[in-house]
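Working notes for the structure below.
The values are calculated or read from the model by the stated rules, or taken from the named source; none is laboratory data. In this text, all values refer to a predicted model and were calculated from it rather than measured experimentally. So basically every Cβ, Gly included, is an ideal-geometry build from the backbone, and we count neighbours across all protein chains shown. The protein model used for the area step is the full one, side chains on, heavy atoms only, and it has no ligands, DNA or RNA in it. Shrake-Rupley method; radii C 1.70, N 1.55, O 1.52, S 1.80 Å.
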Amino acid sequence: QVQLVESGGGLVQPGGSLRLSCAASGRFFSDYTMGWYRQAPGKQRELVATIVSGGSTSYADSVKGRFIISRDNAKNEVNLQMNSLKLEDTAVYYCCADWRPRGSPSVLRSWGQGTQVTVSS
């Protein structure tokens, strides 16, 4: 099982920046597809950004040009740099990992516990 622990959330003013980090367990982190999701009160969880093992990234339209996802395979870590934050970015942010147990054709998903990001003046 892959375990994920997020950190870096907090309170920030509109226009400010925050950096979220997610530390992952497992020997084969470089093979995982990593992602960040968020869930605002009363809303469904939505995809924010993903990064595959080769380093290609994708972003939700709402965060393109403001957020940057990156990974450090040596540290088993994925990060989300959030710039020009808006009120509507307020949510609980969750890290996730898609990974395949060795010898299995199945892909499993693990989730972190979430970290609160609040954008407020």
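A few remarks follow.
- Leu47 fulfils the conditions (1) closer than 15 Å to Asp98 by Cα; (2) aliphatic (A, V, I, L, M); (3) crowded, with 21+ Cβ neighbours inside 10 Å except for a single criterion, (3).
- On the stretch given as segment 83-121, residues that are at positive phi and of a type in the set (Ser, Thr, Tyr) total 1.
- Counted residues, segment 86-121 - those being modelled with pLDDT of 95 or more, of a type in the set (A, V, I, L, M, F, W, C) and surrounded by fewer than 12 Cβ atoms within 10 Å (Cβ to Cβ): 1
- Of residues in segment 9-68 being assigned to a strand (DSSP E or B) and among the charged types (D, E, K, R), the one farthest from Met82 (Cα to Cα): Glu46
- Annotation: of all residues in segment 18-38 being touching a residue at least 24 places away in the same chain (Cβ under 8 Å) and open to solvent by 60 Å² or more (accessible area, probe 1.4 Å), the one that is nearest to Ser62 (Cα to Cα) is Arg19.
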